[in-house]
Structure formats: structure tokens, C-alpha cells
1. For residue 242, only one of the following conditions fails: (1) among the aromatic types (Phe, Trp, Tyr); (2) at pLDDT below 80; (3) loosely packed, with under 13 Cβ neighbours inside 10 Å. What is its number?
2. Given the criterion surrounded by 10 or more Cβ atoms within 10 Å (Cβ to Cβ) and not in a helix (DSSP H, G or I), identify the matching residue among 44, 111.
3. Of the conditions (1) under 28 Å from the mean Cα position of the chain (by Cα); (2) surrounded by 11 or more Cβ atoms within 10 Å (Cβ to Cβ); (3) in the same structural domain as residue 221 (by TED's automatic domain parsing), residue 70 clears all except one; give me its number.
4. Could you look through region 135-164, keep only residues that are outside any helix (DSSP H, G or I) and within 19 Å of residue 211 (Cα to Cα), and pick out the one that is farthest from the chain's Cα centre (by Cα)?
5. Note down all Cβ pairs under 9 Å where the first residue falls in region 111-133 and is assigned by TED's automatic domain parsing to the domain that holds residue 159, the second is surrounded by 12 or more Cβ atoms within 10 Å (Cβ to Cβ) and among the charged types (D, E, K, R), and they're at least six residues apart or on different chains.
Amino acid sequence: MVAALGLVRRGDAFVRRATHYVLLGMTAVVFGFPLVFLLLTALRPEGQGLRGGLLELPTEPAFENWARALEQMGDFPLLLWNTTVITVLSIAGQLFTCSLAGYAFARLRFRGRDTLFLCVLATMLLPDQVTAIPKFLLFRQLGLVDTFYPLVLPTVLGGAPFFIFLFRQYFLSLPEELSEAARIDGCTPFQAWWRIFLPLARPMLATVAIFTFLATWNDFWAPLIYILSPEKRTLTLALAGFNRTYNTAVEHMMAASSIVLFPCVLIYFLAQKVFLRGIRVAASKH
């Protein structure tokens, strides 16, 4: 009887595990199909991009499509530099201000803390399109239109309540004894955040950095509003103007899209373990 029960339990565990992997495989196919289609289309000779099967491998891959795409995008090194500068400054701003605010909401005790935190979370209900006109008028009055400042300043000033929430949840998951030990050693709240809590928050720092990188690198809305000069364009603006400027083949468009997409895919795969760990830890503390 005991042996039979053991076989039944092992069989149930096998079925659950098999179902789990089947569902994961189906999800991977659904989400991976656009990427595979993009790469296969980019490899097809000019004029053959939308001919044949969607996943048909070209008999003669046209690797020169990437070289032609770079030529048609314009000054690619300048576009890459502009996008990288905006992305790096945005990541630095988010990590500094959001971690500092999250630490304050998690570890400091002051009147109205919880109410203020609820107000911060309430701002997540406002889409960017609602505040786009007031922000544009403000930056225009400050003379910052057609500069990188409107793209970076919101991140430096803590304009991401979701990241503040993640840092708060992460710092709440750390033992209270750390704060008490820091006070006994004579650390100020800022010193405790910088020397103790921030080094322990590396998974969350990586998570926020990945989120910010993906959002900033792929951002089209903000550069479209604030960037006017061609020499200050980002990769997304160049990609959007790709088809309007040239009578471009779809193969070249797909090749250009893969160039812009490549850093996002690479960074996610390199840092996905740290990314998932930070999300799990933040979600474990309520």
C-alpha cells in the first residue's frame, strides 16, 4: 500500500512538472516568435522580406542588410552616443533618488510618512500623456527644450513611484537590527543608507537598473516631444524616421530594428537571475 501511494505521488509530481514545462514552452514560443520573425526577415535578400513562409530560413542569408541599415540610419555613432548618455544618466538618477526615498519610507519615522507614501503611489495612476503638456510648458519656460535635460531630470528628481515602492519593500525585508546597530555606531540615516543598506540592495539595484535601461533605451515619446535638432536624436527617433526618409526595404527596417533591440535582449539575459531575485524579494514583504 505504501509503495502504491509512493508511485501515485511520484506520478502526480511528474504530471505537474510536465504540465509546468509544457506551459512554459508554449509561452516561450508565443513571446519568441516576433524576435525569430524579425531576424529571419532581416536575413532575406532585398525584396524577399515578406515572401515565403513566416519562419522560412532564407537559402542565401543577406548579412549585408545590417550594413545598409546602419548607412541609412545616418550618423549611427552619434545616435548611439546620445542614447547611451541619456540612458546612463537616467539609470544613475533612478538608483540614487528612488533608493533614498525608499529607504526613508521604510526606515525613517516621521509624521505623515504613510500618507505621503500613499500619495506617491497614487501618482502611478496618472499616465504620462496626462502630464505631458504641463511638463512641456515647464521645460519650455526654463529654456530646456531641445536638450537632454527634460529626458534626464524627471529620473533624477525621483519621478518613478514604482521604483520607490520596490526599494521600500526591499528595505523592509532587511532585519531591523541593522538600523539599531547603525544608530549605536553613530551613523546618521544617510550614512546607514549609503554604507549598510545600499550594498545589501544589489539585487534591487540591478532590477531597477534593468527596468530603467529598457524604458529609456526604447523611449520614443519623450525624445519626440523635446528633441528637435537632428544631431541630438536618439536611436528610436532615427528608427521611426527610417521609413519616412528613405524608400526602405522591409529587410533593412528589420535589420535596423534588431540593432536597436540587441542591447536590451543581451542585458536581460545576462542579468535575469539578479533581476528575478530582486522581484521575488520585493514581493515577499507586504
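The values are calculated or read from the model by the stated rules, or taken from the named source; none is laboratory data. On a predicted model such as this, the values are computed, not experimentally measured, just so you know. Neighbour counts run over all protein chains shown; Cβ positions are idealised from the backbone, glycine included.
1. (3)
2. 44
3. It fails just one condition, (3).
4. Step one: filter region 135-164 for residues outside any helix (DSSP H, G or I), giving 142-148, 157-160.
Still in the running and within 19 Å of residue 211 (Cα to Cα): 157-160.
Working: 157: 18, 158: 16, 159: 15, 160: 12 Å.
Only one residue fits best here, namely 157.
5. Partner pairs satisfying both residue conditions: 117/168; 128/135.
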